[in-house]
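The values are calculated or read from the model by the stated rules, or taken from the named source; none is laboratory data. Since this is a predicted model, take the numbers as computed values, not measurements. Heads up, the Cβs are rebuilt from the backbone with ideal geometry, glycines too, and the neighbour counts pull from every protein chain shown. For the accessible areas, the whole protein counts, side chains as well, though only heavy atoms, and no ligand, DNA or RNA atoms are used. Shrake-Rupley method; radii C 1.70, N 1.55, O 1.52, S 1.80 Å.
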Amino acid sequence: MKRNLSNFTLIELLITIAIIAILAGMLLPALNAAREKAGALSCLSTLSNFGKMSMLYQNDFDGWCPAINTQGDVKELRWQRQLRSYANLPTRTDGGDYWPKAYICPNATLALSTTVASQPGCFSICSSYGINRESFPSYTDHAAGAYRGIRNTQIGRPSVKIAQTDATDWMVCYERANKANYYDVRGEQFENSSYNNVPAYRHSARLNLTYYDGHAGSASFKDLWDTASTATSTLYKQKWNITLK
(Lines give C-alpha, C1' and ligand atoms only; values in the text may rest on other atoms or scores of the structure.)
Protein backbone atom coordinates (compact mmCIF):
# COMPACT_ATOMS: atom_id res chain seq x y z
CA MET A 1 0.00 0.00 0.00
CA LYS A 2 1.41 3.34 -1.04
CA ARG A 3 1.91 6.02 1.61
CA ASN A 4 0.11 9.32 0.98
CA LEU A 5 3.03 11.77 0.83
CA SER A 6 0.69 14.76 1.25
CA ASN A 7 0.04 13.88 4.91
CA PHE A 8 2.34 14.35 7.92
CA THR A 9 2.96 11.52 10.30
CA LEU A 10 2.64 12.29 14.01
CA ILE A 11 6.43 12.20 14.40
CA GLU A 12 6.93 14.64 11.55
CA LEU A 13 4.32 16.97 13.00
CA LEU A 14 5.99 16.91 16.41
CA ILE A 15 9.39 17.58 14.84
CA THR A 16 7.95 20.54 12.92
CA ILE A 17 6.38 21.97 16.08
CA ALA A 18 9.67 21.53 17.95
CA ILE A 19 11.58 23.35 15.20
CA ILE A 20 9.07 26.23 15.24
CA ALA A 21 9.36 26.43 19.03
CA ILE A 22 13.16 26.55 18.83
CA LEU A 23 13.08 29.26 16.19
CA ALA A 24 10.57 31.27 18.22
CA GLY A 25 12.78 30.95 21.29
CA MET A 26 15.71 32.27 19.27
CA LEU A 27 13.77 35.15 17.71
CA LEU A 28 11.79 36.42 20.71
CA PRO A 29 14.79 37.90 22.57
CA ALA A 30 15.78 39.75 19.40
CA LEU A 31 12.22 40.99 18.91
CA ASN A 32 12.03 42.11 22.55
CA ALA A 33 15.36 43.90 22.21
CA ALA A 34 14.17 45.62 19.04
CA ARG A 35 10.95 46.68 20.79
CA GLU A 36 12.93 48.04 23.74
CA LYS A 37 15.26 49.93 21.42
CA ALA A 38 12.32 51.43 19.56
CA GLY A 39 10.75 52.58 22.85
CA ALA A 40 14.03 54.15 23.99
CA LEU A 41 14.44 55.99 20.68
CA SER A 42 10.85 57.25 20.81
CA CYS A 43 11.43 58.53 24.34
CA LEU A 44 14.70 60.18 23.32
CA SER A 45 12.93 61.94 20.46
CA THR A 46 10.25 63.22 22.85
CA LEU A 47 12.83 64.55 25.28
CA SER A 48 14.67 66.20 22.41
CA ASN A 49 11.43 68.03 21.63
CA PHE A 50 11.11 69.09 25.27
CA GLY A 51 14.65 70.46 25.08
CA LYS A 52 13.67 72.56 22.05
CA MET A 53 10.47 73.74 23.74
CA SER A 54 12.48 74.80 26.78
CA MET A 55 14.84 76.83 24.61
CA LEU A 56 11.91 78.56 22.93
CA TYR A 57 10.43 79.33 26.34
CA GLN A 58 13.71 80.91 27.45
CA ASN A 59 13.79 83.06 24.32
CA ASP A 60 10.26 84.28 24.96
CA PHE A 61 10.66 84.98 28.68
CA ASP A 62 13.91 86.88 28.96
CA GLY A 63 16.08 83.86 29.77
CA TRP A 64 13.86 82.33 32.44
CA CYS A 65 13.86 78.53 32.29
CA PRO A 66 10.81 76.36 33.00
CA ALA A 67 10.27 76.32 36.76
CA ILE A 68 8.86 74.22 39.62
CA ASN A 69 6.46 76.61 41.37
CA THR A 70 3.75 74.89 43.40
CA GLN A 71 1.84 77.54 45.34
CA GLY A 72 0.70 81.13 45.49
CA ASP A 73 -0.06 83.23 42.43
CA VAL A 74 2.58 81.41 40.37
CA LYS A 75 1.53 77.81 41.03
CA GLU A 76 0.58 77.38 37.37
CA LEU A 77 4.12 78.36 36.36
CA ARG A 78 5.69 74.95 36.51
CA TRP A 79 7.51 73.31 33.64
CA GLN A 80 4.86 70.89 32.38
CA ARG A 81 2.30 73.69 32.18
CA GLN A 82 4.65 76.38 30.93
CA LEU A 83 5.59 74.26 27.92
CA ARG A 84 2.09 73.28 26.79
CA SER A 85 1.71 76.07 24.27
CA TYR A 86 5.03 75.10 22.65
CA ALA A 87 3.58 71.63 22.04
CA ASN A 88 0.48 73.26 20.52
CA LEU A 89 -1.59 72.14 23.49
CA PRO A 90 -4.21 74.42 25.06
CA THR A 91 -3.80 76.00 28.46
CA ARG A 92 -6.21 74.37 30.89
CA THR A 93 -8.00 75.85 33.89
CA ASP A 94 -8.06 72.40 35.50
CA GLY A 95 -4.29 72.02 35.20
CA GLY A 96 -1.95 70.94 32.44
CA ASP A 97 -0.43 67.79 33.86
CA TYR A 98 -2.06 65.42 31.36
CA TRP A 99 -0.58 65.26 27.86
CA PRO A 100 -1.35 63.19 24.74
CA LYS A 101 0.23 59.75 24.54
CA ALA A 102 2.76 60.95 21.96
CA TYR A 103 4.50 62.95 24.74
CA ILE A 104 4.71 60.04 27.20
CA CYS A 105 7.64 57.62 27.36
CA PRO A 106 6.41 54.25 25.96
CA ASN A 107 7.97 52.46 28.97
CA ALA A 108 6.39 54.78 31.57
CA THR A 109 3.74 52.31 32.70
CA LEU A 110 2.76 54.42 35.70
CA ALA A 111 2.16 57.46 33.49
CA LEU A 112 0.24 55.43 30.92
CA SER A 113 -2.07 54.09 33.63
CA THR A 114 -2.73 57.53 35.16
CA THR A 115 -5.59 59.30 33.39
CA VAL A 116 -8.31 61.86 34.09
CA ALA A 117 -11.87 61.76 32.76
CA SER A 118 -11.85 65.40 31.66
CA GLN A 119 -8.94 64.79 29.25
CA PRO A 120 -9.57 61.57 27.31
CA GLY A 121 -6.54 60.19 25.50
CA CYS A 122 -4.16 62.06 27.81
CA PHE A 123 -1.82 60.68 30.45
CA SER A 124 0.28 61.94 33.36
CA ILE A 125 3.35 63.75 32.06
CA CYS A 126 4.42 64.07 35.72
CA SER A 127 4.96 60.30 35.91
CA SER A 128 6.92 60.24 32.67
CA TYR A 129 9.49 63.04 32.92
CA GLY A 130 10.89 65.17 35.73
CA ILE A 131 12.91 68.39 35.90
CA ASN A 132 16.20 68.63 37.81
CA ARG A 133 15.38 70.49 41.03
CA GLU A 134 18.98 70.95 42.24
CA SER A 135 20.03 74.62 42.74
CA PHE A 136 16.49 75.98 42.37
CA PRO A 137 15.28 78.24 45.19
CA SER A 138 14.24 76.10 48.15
CA TYR A 139 10.68 75.18 48.99
CA THR A 140 10.98 77.27 52.16
CA ASP A 141 11.98 80.33 50.15
CA HIS A 142 9.17 79.62 47.71
CA ALA A 143 6.64 79.42 50.53
CA ALA A 144 7.79 82.87 51.59
CA GLY A 145 7.09 84.22 48.12
CA ALA A 146 10.18 83.36 46.04
CA TYR A 147 9.74 82.35 42.40
CA ARG A 148 11.09 78.82 42.20
CA GLY A 149 12.91 79.16 38.91
CA ILE A 150 16.26 80.07 37.40
CA ARG A 151 17.54 82.13 34.47
CA ASN A 152 19.82 80.72 31.82
CA THR A 153 22.48 83.30 32.67
CA GLN A 154 22.85 81.58 36.06
CA ILE A 155 23.59 78.16 34.56
CA GLY A 156 27.19 77.00 34.54
CA ARG A 157 28.13 74.91 31.49
CA PRO A 158 24.59 74.31 30.17
CA SER A 159 25.78 71.58 27.78
CA VAL A 160 26.44 69.24 30.74
CA LYS A 161 23.79 70.38 33.24
CA ILE A 162 20.78 68.09 33.51
CA ALA A 163 17.43 69.69 32.71
CA GLN A 164 14.92 66.80 32.51
CA THR A 165 15.07 63.02 32.76
CA ASP A 166 12.91 59.94 32.56
CA ALA A 167 11.21 59.96 35.95
CA THR A 168 8.29 58.74 38.05
CA ASP A 169 7.75 62.24 39.47
CA TRP A 170 7.69 65.72 37.96
CA MET A 171 10.99 66.64 39.67
CA VAL A 172 14.21 64.64 40.13
CA CYS A 173 17.21 65.00 42.45
CA TYR A 174 20.77 63.70 42.73
CA GLU A 175 20.23 61.57 45.84
CA ARG A 176 17.50 59.51 44.19
CA ALA A 177 19.55 58.87 41.08
CA ASN A 178 20.94 56.02 43.21
CA LYS A 179 19.31 53.27 41.12
CA ALA A 180 19.78 50.42 43.60
CA ASN A 181 18.11 52.28 46.47
CA TYR A 182 15.28 53.94 44.56
CA TYR A 183 14.22 52.92 41.06
CA ASP A 184 15.21 49.29 41.58
CA VAL A 185 13.15 49.22 44.78
CA ARG A 186 9.92 50.83 43.53
CA GLY A 187 10.19 50.79 39.75
CA GLU A 188 7.24 52.46 38.03
CA GLN A 189 5.57 53.50 41.27
CA PHE A 190 5.31 56.77 43.15
CA GLU A 191 5.35 57.53 46.86
CA ASN A 192 5.06 61.09 48.08
CA SER A 193 7.79 60.93 50.71
CA SER A 194 10.66 58.45 50.59
CA TYR A 195 10.36 57.58 46.91
CA ASN A 196 9.46 60.81 45.14
CA ASN A 197 11.74 62.79 42.78
CA VAL A 198 13.11 59.49 41.39
CA PRO A 199 14.88 59.28 38.00
CA ALA A 200 13.58 56.26 36.05
CA TYR A 201 16.09 53.90 34.43
CA ARG A 202 13.54 52.47 32.01
CA HIS A 203 15.72 51.67 29.03
CA SER A 204 17.96 48.67 29.72
CA ALA A 205 19.15 50.20 33.02
CA ARG A 206 19.62 53.60 31.34
CA LEU A 207 17.53 56.74 31.16
CA ASN A 208 17.07 59.50 28.62
CA LEU A 209 17.59 63.13 29.53
CA THR A 210 17.94 66.67 28.24
CA TYR A 211 20.56 69.27 29.06
CA TYR A 212 20.22 73.01 29.51
CA ASP A 213 21.59 73.76 26.05
CA GLY A 214 18.59 71.87 24.63
CA HIS A 215 20.23 68.64 23.42
CA ALA A 216 19.12 65.18 24.54
CA GLY A 217 21.06 62.04 25.40
CA SER A 218 21.16 58.78 27.35
CA ALA A 219 22.92 57.93 30.62
CA SER A 220 23.44 55.08 33.08
CA PHE A 221 23.18 55.54 36.83
CA LYS A 222 27.00 55.50 36.99
CA ASP A 223 26.93 58.61 34.81
CA LEU A 224 24.63 60.39 37.26
CA TRP A 225 25.47 59.19 40.78
CA ASP A 226 28.79 58.34 42.44
CA THR A 227 27.99 57.40 46.10
CA ALA A 228 29.33 60.68 47.50
CA SER A 229 27.27 63.40 49.17
CA THR A 230 26.28 66.58 47.36
CA ALA A 231 29.13 68.34 49.18
CA THR A 232 31.83 66.09 47.71
CA SER A 233 30.38 64.39 44.64
CA THR A 234 32.15 65.24 41.39
CA LEU A 235 29.13 64.19 39.34
CA TYR A 236 26.83 66.36 41.44
CA LYS A 237 28.99 69.40 40.82
CA GLN A 238 29.42 68.68 37.12
CA LYS A 239 25.91 67.62 36.13
CA TRP A 240 23.33 68.33 38.81
CA ASN A 241 24.20 71.61 40.54
CA ILE A 242 22.95 73.96 37.86
CA THR A 243 24.80 77.08 38.91
CA LEU A 244 28.30 75.65 39.36
CA LYS A 245 30.81 76.24 36.56
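What to note about this one:
- Mean residue ellipticity at 222 nm, helices only, the chain: -9000 deg cm²/dmol; runs of at least 4 DSSP H residues each add -39,500 (n - 2.57), and the sum is divided by the number of residues.
- Relative to the longest principal axis of the Cα atoms of the chain, the long axis of helix 10-60 makes an angle of roughly 20 degrees.
- Cα-projected label distance for residue 88 with residue 159, points at 7 Å along beta-carbon direction, nm: 3.2 nm
- log₁₀ of I(q)/I(0) at q = 0.18, 0.35 Å⁻¹ - segment 206-245, Debye sum with one point per alpha carbon: -0.53, -1.16
- Over the chain, Cα pairs under 8 Å with separation of 6+ residues give a relative contact order of 20 percent.
- Rounded to the nearest 20, the Cβ-based charge dipole of the chain about its Cα centre (Lys and Arg +1, Asp and Glu -1) stands at 540 debye.
- For segment 142-245, relative contact order (Cα pairs under 8 Å, six or more residues apart, normalised by length) works out to 34 percent.
- Peptides ranked, highest mean first, by Cβ atoms within 10 Å: ranges 65-78, 121-134, 98-111, 144-157: 121-134, 98-111, 65-78, 144-157
- Accessible area of segment 56-150 belonging to carbon and sulfur atoms, whole % at 1.4 Å probe: 52 percent
- Across the chain: Cys residues that no other cysteine approaches within a C-beta distance under 4.7 Å: 65, 122, 126, 173
- Projected label distance in nm at residue 19 and residue 227, using a 7 Å step from Cα toward the beta-carbon: 5.3 nm
- Portion, in percent, of the accessible area of segment 156-229 that falls on carbon or sulfur, probe 1.4 Å: 45 percent
- Segment 79-88 - phi-based ³J(HN,Hα) in whole Hz, Karplus 6.51/-1.76/1.60, Gly and Pro as x: 3, 5, 9, 5, 8, 4, 5, 6, 9, 6
- Theoretical FRET efficiency, 1/(1+(r/R0)^6), r = Cβ-Cβ of residue 245 and residue 70, R0 30 Å, to 0.05: 0.55
- Exposure ranking of 175, 188, 12 by accessible area [1.4 Å probe, largest first]: 175, 12, 188
- In the full protein context, the chain carries 52 Å² of accessible surface per residue, based on a 1.4 Å probe and ignoring ligands, DNA and RNA.
- Among 41, 207, 14, residue whose mean-square fluctuation peaks in a GNM of the chain (springs only between Cα atoms under 10 Å): 14
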